[in-house]
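The structure under discussion appears below in the form of structure tokens.
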Amino acid sequence: MENKRCVCIGVSGGIAAYKALDIVSALRKKDIDVRVIMTESATKFVAPLTFQSLSQNMVTTDMFAEPKAFEIQHISLAKRADVFLVAPATANIIGKVANGIADDMLSTTIMATKAKVIFAPAMNTNMYENKIVQSNIEKLKGLGYEFIEPASGRLACGDEGRGKLADVNTIVEKVLDALESKDIPKDLLGKKVLISAGPTYSNIDPVRFITNKSTGKMGYYIAEEARDRGADVTLVSGPTNLKPPSGVKVINITTNEEMKEAIFENYDDSDIVIKSAAVADYKIKNYSNDKIKKGDGDLVLTFVRDNDILKLLGEKKTNQILVGFAAESTNISENARRKLENKNLDYIVANDITSSDTGFGSDDNKVVIFTKDGEEINLDKMSKRKVASKIFDTILRKR
């Protein structure tokens, strides 16, 4: 068990304490070593024995209890943890940590750990919105502590509003992401990375537009990878159904022109620019301000070329590393290399859109990375997050 990833879960005294049981169970099913610390008030809501049964570890509640082995418990738990989760996090524990108070096992262990600490607040709406609580939260965020925003709905006290513990699946995913990012090298510290993702719309009339099948997943995974490597990340995103990555500046756009403006506003200050968006190449020649009515015959629309954003970036490039994407159905290598040269790119990532199990909409991809010095790097089918990692590995290796 010593070699397993370890998550320390702090349970403070709120009615949502019972939901922490589901978090422990979900993490144990991932073969993660879970250590639970409960405040005295938390034990009034859920018995420690229940957490002990689910975690298969002794539960710590008393800072002065006789240790099971010769070790200082708050120090040993602090060192053991790869990620430290506080769920539910009450106003009390948030306030203690924000103001340097360590007067029980949970607050003391949080102070002693160097692991990433994530708070999942749960409390009455008025308490959560209290200026003191919000000030404490902002203070902790500024110090590098992370928060999972509470959900809105009917609370145990009968009030309606924000303050419910976030969905258990959301919390578990956040913890798993934190574990995965723990071992990622921080080799982009101090770098600014600009990424585009998703489709753009070319409007026909107030209710109709043309677009493509891009879901934005590849660009979002690239943004997460850059963030976890320590970069300052800006993501310019077309319309998607994806949740914005935490810790990333997201600029939402709809059209080609809006994407162009957002990219160029951030271009000069960027060190690495990765254009993974599927931008519309054409726009309607004569946009109709009124909804086009259905007629008896066929409808003929005329389209004209829109901005070639990637080519414009290549022409304006100074010290930036510029990476493009090529979604191809035929002559992949030839088309990608031509695009690499014509648009003055440093790298281009090409993939075959005819594949049924990779590309648009899939969580996996199979790509070839072409470099301006002639190298060709073939990547077998892998998750898009791993593709993102390989892209940055290639860029940093070549520098």
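Below, the figures for the structure above:
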quantity	calculated
Residue ID - nearest to the chain's Cα centre (by Cα), chosen from residues in segment 259-277 that are of a type in the set (D, E, K, R) and not in a loop (DSSP other than H, G, I, E, B)	K275
Subset tally (residues that are crowded, with 23+ Cβ neighbours inside 10 Å and among the hydroxyl-bearing types (S, T, Y)) for segment 1-38	1
Members of segment 137-159 found to be under 24 Å from A98 (Cβ atoms), over 18 Å from the mean Cα position of the chain (by Cα) and touching a residue at least 40 places away in the same chain (Cβ under 8 Å), listed by number	I137, K139, L140
Segment 182-208, residues that are surrounded by fewer than 15 Cβ atoms within 10 Å (Cβ to Cβ) and within 18 Å of G238 (Cβ to Cβ)	R208
Boolean, L379 is buried (at least 21 other Cβ atoms within 10 Å of the Cβ) and hydrophobic (A, V, I, L, M, F, W, C)	no
D103 exposed (fewer than 14 other Cβ atoms within 10 Å of the Cβ) and not assigned by TED's automatic domain parsing to the domain that holds F392	yes
Meets criteria (free of Cβ contacts under 8 Å to residues at least 24 places away in the same chain and of a type in the set (K, R)) for K96	yes
Residues (farther than 15 Å from P245 by Cβ and of a type in the set (V, I, T)) located in segment 139-187	V168, I171, V172, V175
Filter result for G153 (touching a Pro at 6+ places or on another chain (Cβ under 7 Å) and either in a loop (DSSP other than H, G, I, E, B) or not assigned by TED's automatic domain parsing to the domain that holds L322 (or both))	no
Restricting segment 290-333 to residues that are among the basic types (K, R) and in a loop (DSSP other than H, G, I, E, B), the residue that is surrounded by the fewest Cβ atoms within 10 Å (Cβ to Cβ)	K294
Residue check, V250 surrounded by 13 or more Cβ atoms within 10 Å (Cβ to Cβ), assigned to a strand (DSSP E or B), touching a residue at least 60 places away in the same chain (Cβ under 8 Å) and among the β-branched types (V, I, T)	no
Residue pairs meeting the criteria (Cβ under 6 Å; at least 6 apart or on separate chains; first under 14 Å from F147 (Cβ atoms) and not assigned by TED's automatic domain parsing to the domain that holds I137, in segment 160-178; second acidic (D, E) and in a helix (DSSP H, G or I))	none
Selection from segment 109-136 of residues that are surrounded by 14 or more Cβ atoms within 10 Å (Cβ to Cβ), more than 13 Å from N92 (Cβ to Cβ) and under 22 Å from the mean Cα position of the chain (by Cα)	A115, K116, V117, I118, A120
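The values are calculated or read from the model by the stated rules, or taken from the named source; none is laboratory data. Not measured: the values here are computed from a predicted model. Here the Cβ is made from the backbone with ideal geometry for all residues, glycine too, and neighbour counts use every protein chain on show.
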